[in-house]
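> Below: one structure in structure tokens.
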Amino acid sequence: MSFLGDLRRLPDEPGASRYALVCLGGLFAIVLVLLEHGYGSWSLLPVLAGVFGGLTRFGPVLVPTALAMLLNAPPRLALPFSHRSALQLADLILGAGTLAYVIAHYRLQGLLVHLFPPDPRRRGKSAPPRRERRPARLATLAEIGGMLLIVPVLPFLAQLVWRWLPTTWGNPGIRPDIWFGILLTWVIGLTLLIIASAVSYWRQRQMDPEAARLFLQDVLWQETRSEQRRVSRWLAWARLHRSEAVRKGYRTPGLGPGNEDLRHESRGPVPFSDSRPVASPAKEHS
Amino acid sequence: MFTSRGTWFFVFVFALLIGVVLGPYLSQILSTESRVVLPNLTSVAWLALTLGTWGVGEAVLFSLRCGRLRRQVHVERQLYDDHGPVDALWTGWTFQARLVVRVSDGLSFPFVKITDRLPTGVERAHGDTVYQGPLQPGQVVELRYSLRCGAPGKVRFEGIRVQLADLQGFFYHDTFIPAVSAVRVLPPLADARGHVPTIKRHNLLLPPGIHRHKRPGSGSELLELRDYLPGDPPKTIAWKVSARRDRLITKEFESDVPVRCTVFVDRSNSVRVGPPGHNALSRLVEIAAAVGQGATSSRDLTGLCLFDEQATTYVRPARGRRHLIRLLHLLADAACLKPTSGRAELDTLVPLGYAFAQEVYPEMLRPTVNRLASWAPWIWPDSVFSTRHPRWKDFLYWTLPFLLLVYGVVGIVLLGAVLLGVGAALSDAIGEPQFFLLWALTGLVAALVFVRLPIRWFFTRRRRLFHWRKRLAALLALRYGLGPGGLGLLLEDQEQLSLYLQRFLAEHQVSYPLSYYDDHGRYLLGAPRKVKVLTTALLRAVGKGHDNELFVLLADLLELTAHLAPLLNAVKVALARHHRVLLVCPWPPDIPPPGARGAGFRKQKTAQDENRSSESSLERSIRTATAARFHEAYEQVRRSFSRLGVPVVCAQGGEPARLILDRIDLLRGLGRRR
């Protein structure tokens, strides 16, 4: 079923319709800002993108794209956005509206399409993969309220970060806009690297003992894999040839501590028995 | 961790940032004007940063939640019936399960799906095993459902599966929180005649030896009246009769002598074959349990001897509820055993084991703790020297590094030739940008095909199996404490890995396919050694027998007709000591039992025929030949034992439990005639 088909269930799902309203609210905020800046009928472009995207799964991509294109190819009468001061209310509203639309649309997809990805093990089977959605009853007003609280905060943070970014720091003489691009790449890359390393370290600290033992065993194997492979291959070869010799009657398995498997092989397979003791231990005769 | 939705979102944000950085230059390249102004690029940058900050924040939060999930969630499971908590289940009865999930202090989880993993052989009757919703610190989630077990044995509850996602569906984490509890499923309850009870028959505990043994004794049933003899206890004087006859008359009572019965149950590999609850062992366990319960309800003494190819577990005949429960526990333990032939194809075992480990031990298979370089299967293929009977495919895979080298050299030569050819074909256009673009494009496509081809066609399945084997070997080496070299050894020694994998699957009650025949076509599960084990056990039981006793052999001897001599001698010894012996042969469920007739059998046969309508003629012929072979073997066994006067019955047909209980009565009758 397509996303359009899923949308038909919207009236029956009160939680989902709340998110649909948030999407519309976000688009409305964008239109207001664009109208104020004289974009006229072009202000409806993000709305059209949003509505079209809302009927498909591409809304969160189409709306920011349409907005970015419209902002940088404005109609003649449009007023430019001013970026001189630290806090730009129009940009703040624009960012908040877009963010609200994006979050709400993705959550709507989680309610109507699927939240968990399809099981990769069932890929290619004749039956279609089972889509696991989030029950719409769980989308409460409190959850939407929490989302709306962070919506204005993030654009504000983004503006602050942009203002604090060094533009000409350490420039060896490269064109300023190119140097700024390089700096931006480095700052974002380093920030992500530090965050990822910190989280990864923290995750390792949270490991349970079994997983930690496995990790150490794996490190040992990675470090000595060539030696282990060579030694183990010889051991396997020797065991194989000994057991073949025993099977053909050329030699006896012996009574050494390492020959249990050979003795078992010579008299049949080893039955598996549960090692858990029974409530009243019975006598074992072997 | 990232879903495709999340991946595409971050790709989009990254593209937006790239657009901010490279936008002016791209627009200059694409535009004819000398200078292009993008007036609101900063707004786009803010927008991208807003979306990116939100996405990264969500990712960090989700990662923290994943790290804390296993530490914060605690699971308890309780099984109970109408009277309270239980330690064991009964076949065919419905029990209640209560699963409590507690969340300790820490982070909250916006959306989780908790699924209680039901073990194999357990059927959910009512209730729900799934919870969906948020988890807050301090929250307690309770799941209640009823379950029913269809076959005796053991069920193992592994734990719960927890799926965690953020509300947008950008990230997904699937883990398993272990809460292992192995519970015995005892065989179904049966009455004194070996039937499952439908009505309540007795309100009082019966006296010892309910069967009447018509000899004078100390029982409670009147046998006869006779004249008083000096020495008779005064309490036996029948005063009313004495007064009527005017002389002292004494009452004589019947003798109450319990009969001893020892059941020998075969738990060897040959009877374990088949799905749980539908194999020969399950039927043997049902019969033994019915006999035990029937004899116990008559307060007779029942013993049990479980035997296989290696050892026996012997319980001396006794009576009482505690003894019966002990027998049922032992039978339940026997019923859950899985077969092993010592040989199993790794190609079938590894995917099965890996799929199970992915479900129950996902944390142990994650690349962070259990990784294998993607190039390893190319450089370190399996050695043919440590394979028992390598096939030509094994030899071919073993030469993979050499093949790869040859392929690389040939491919580079061909690639160079293609590029040179394209260059020569377009020699007139050399120096023009279009030529360079076409030339580079051709080179890129050829290089992609050159790299992609071996990945797609060179031993795809074997390389995947190599990855799975390494991860499973690491898990098994850790689980069974094989030490620092265990992982390497299991990777190289395929037979050891096969054995450990079988053990791993058997412990978790997972059925797996087996090789029944060796490379020379010999049946691997016959196990002639078990005849010796059974003989020894029977002789020991005869040695400890008190009076005329019944020995019931529930043993699969159909494949061992040539090795029966020691057992027949032991049976002769038992008969010479005035004991009685009965042999019950287990029978595969899908083969018609010997002498099967009647409407029930015809109905069953028709149903089986309908199921097999898709069989090829070869399969039908093999099935017919197998059935004929089984019938012939059964006749041979029956003849061998009938010569000694030992009745042989088939476990699948009739009611063997009832027959055994009738034999106990008959044994009592023999005592009377003696």
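> Residue check, B:Asn269 against (1) open to solvent by less than 60 Å² (accessible area, probe 1.4 Å); (2) modelled with pLDDT of 90 or more, all met but one. Which one?
Only one criterion in (1) open to solvent by less than 60 Å² (accessible area, probe 1.4 Å); (2) modelled with pLDDT of 90 or more is unmet by B:Asn269, namely (2).
> Please report, ordered by residue number, the helices (runs of 4 or more DSSP H) entirely within region B:412-526 with at least 1 residues that are open to solvent by 40 Å² or more (accessible area, probe 1.4 Å), more than 10 Å from chain A (Cβ to nearest Cβ) and of a type outside the set (A, V, I, L, M).
Working: elements: B:433-457, B:460-479, B:486-492, B:494-507.
In region B:412-526, B:433-457, B:460-479, B:494-507 are the helices (runs of 4 or more DSSP H) which contain 1 or more residues that are open to solvent by 40 Å² or more (accessible area, probe 1.4 Å), more than 10 Å from chain A (Cβ to nearest Cβ) and of a type outside the set (A, V, I, L, M).
> What are the residues in region B:613-650 that are acidic (Asp, Glu) and without any contact (Cβ under 8 Å) to a residue 24 or more places away in the chain, if any?
B:Glu615, B:Glu619, B:Glu632
> A further question on this structure: Considering each of A:Leu112, A:Leu108, A:Leu44 in turn, give the residue that is at pLDDT 80 or above, facing another protein chain (nearest Cβ under 10 Å) and farther than 21 Å from B:Ala15 by Cα.
Details: A:Leu112 fails: facing another protein chain (nearest Cβ under 10 Å); A:Leu44 fails: facing another protein chain (nearest Cβ under 10 Å).
The conditions single out A:Leu108.
> So, of the residues in region B:357-378 that are facing chain A (nearest Cβ under 9 Å), surrounded by fewer than 18 Cβ atoms within 10 Å (Cβ to Cβ) and among the hydrophobic types (A, V, I, L, M, F, W, C), which turns out to be nearest to B:Phe458 (Cα to Cα)?
Among residues in region B:357-378 that are facing chain A (nearest Cβ under 9 Å), surrounded by fewer than 18 Cβ atoms within 10 Å (Cβ to Cβ) and among the hydrophobic types (A, V, I, L, M, F, W, C), the one nearest to B:Phe458 (Cα to Cα) is B:Ala376.
> Can you confirm whether B:Gly353 is modelled with pLDDT of 90 or more and part of a strand (DSSP E or B)?
Numbers: modelled with pLDDT of 90 or more: yes; part of a strand (DSSP E or B): no.
Taking the combined requirement at face value, the residue does not satisfy it.
> Please list, ordered by residue number, the strands (runs of 3 or more DSSP E) wholly in region B:100-142 having 2 or more residues that are away from chain A (no Cβ under 14 Å). Step through it out loud before you land on a result.
Numbers: elements: B:109-116, B:122-127, B:130-135.
Of the strands (runs of 3 or more DSSP E) lying wholly inside region B:100-142, those with at least 2 residues that are away from chain A (no Cβ under 14 Å) span B:122-127.
> Okay, moving on. Go through (1) open to solvent by 50 Å² or more (accessible area, probe 1.4 Å); (2) out of contact with any helix residue (DSSP H, G or I) (no Cβ under 7 Å at 6 or more places or on another chain); (3) at the interface with chain B (Cβ under 9 Å from one of its Cβ atoms) for A:Arg203 and report which single condition fails.
(2)
> Check off (1) within 7 Å of chain B (Cβ to nearest Cβ); (2) at pLDDT 85 or above for A:Ala158 and give me the number that stays unchecked.
So A:Ala158 meets the others, but not (2).
> Among the candidates B:Arg620, B:Arg639, B:Arg602, single out the residue that is open to solvent by 80 Å² or more (accessible area, probe 1.4 Å), at pLDDT 85 or above and either closer than 27 Å to B:Val542 by Cβ or assigned to a helix (DSSP H, G or I) (or both).
On the way: B:Arg620 fails: at pLDDT 85 or above; B:Arg602 fails: at pLDDT 85 or above.
After applying the criteria, what remains is B:Arg639.
> Continuing with the same structure: If B:Val531 satisfies every condition in (1) surrounded by 16 or more Cβ atoms within 10 Å (Cβ to Cβ); (2) free of Cβ contacts under 8 Å to residues at least 24 places away in the same chain but one, which is the exception?
Of everything listed in (1) surrounded by 16 or more Cβ atoms within 10 Å (Cβ to Cβ); (2) free of Cβ contacts under 8 Å to residues at least 24 places away in the same chain, B:Val531 misses just condition (2).
> Restricting region B:339-356 to residues that are among the β-branched types (Val, Ile, Thr) and either farther than 28 Å from B:Gln502 by Cβ or more than 8 Å from chain A (Cβ to nearest Cβ) (or both), which is least open to solvent (accessible area, probe 1.4 Å)?
So in region B:339-356, the residues among the β-branched types (Val, Ile, Thr) come out as B:340, B:348, B:350.
Now restrict to residues that are either farther than 28 Å from B:Gln502 by Cβ or more than 8 Å from chain A (Cβ to nearest Cβ) (or both): B:348, B:350.
Details: B:Thr348: 67, B:Val350: 2 Å².
The qualifying residue least open to solvent (accessible area, probe 1.4 Å) is B:Val350.
> A further question follows. Condition first: farther than 30 Å from B:Leu419 by Cβ and at pLDDT below 85. Can you find one or more residues in region B:463-484 that meet it?
The initial filter retains those residues of region B:463-484 that are farther than 30 Å from B:Leu419 by Cβ, namely B:464-484.
Checking the rest, the ones that are also at pLDDT below 85 come to B:483-484.
Within region B:463-484 (the criterion being farther than 30 Å from B:Leu419 by Cβ and at pLDDT below 85), the answer is yes, since at least one residue qualifies.
> Could you grab me the full set of residues in region B:297-338 that are assigned to a loop (DSSP other than H, G, I, E, B) and facing chain A (nearest Cβ under 8 Å)? Before the answer, list the steps.
Step one: list which residues in region B:297-338 are assigned to a loop (DSSP other than H, G, I, E, B), which gives B:298-300, B:308-311, B:319-320, B:336-338.
Those that are assigned to a loop (DSSP other than H, G, I, E, B) and facing chain A (nearest Cβ under 8 Å): B:Asp308, B:Glu309, B:Gln310, B:Ala311, B:Cys336, B:Leu337, B:Lys338.
> Further question: Among the residues of region B:379-392, are any basic (Lys, Arg), modelled with pLDDT under 85 and either closer than 30 Å to B:Val451 by Cβ or in a helix (DSSP H, G or I) (or both)?
Yes: one or more hits.
> What pairs come up if the first residue lies in region A:207-221 and is farther than 12 Å from B:Leu478 by Cα, the second is assigned to a helix (DSSP H, G or I) and hydrophobic (A, V, I, L, M, F, W, C), and their beta carbons are under 6 Å apart, counting only those six or more places apart or on different chains?
Sorted first by the residue in region A:207-221, then by its partner, the pairs are A:Trp221/B:Leu487.
> Could you check region A:186-195 and list, in sequence order, the residues that are open to solvent by 60 Å² or more (accessible area, probe 1.4 Å) and of a type outside the set (Phe, Trp, Tyr)? Before you say what the answer is, go through the steps one by one.
Here is the first cut: in region A:186-195, the ones open to solvent by 60 Å² or more (accessible area, probe 1.4 Å) are A:186, A:190-194.
The answer is A:Leu190, A:Thr191, A:Leu192, A:Leu193, A:Ile194.
The values are calculated or read from the model by the stated rules, or taken from the named source; none is laboratory data. Quantities reported herein were computed from a predicted structural model and do not represent experimental measurements. Note: ideal-geometry Cβ built from the backbone for every residue, glycine included; neighbour counts use all protein chains shown. In case anyone asks, the SASA skips ligands and DNA or RNA and just uses the protein heavy atoms, side chains included. Shrake-Rupley method; radii C 1.70, N 1.55, O 1.52, S 1.80 Å.
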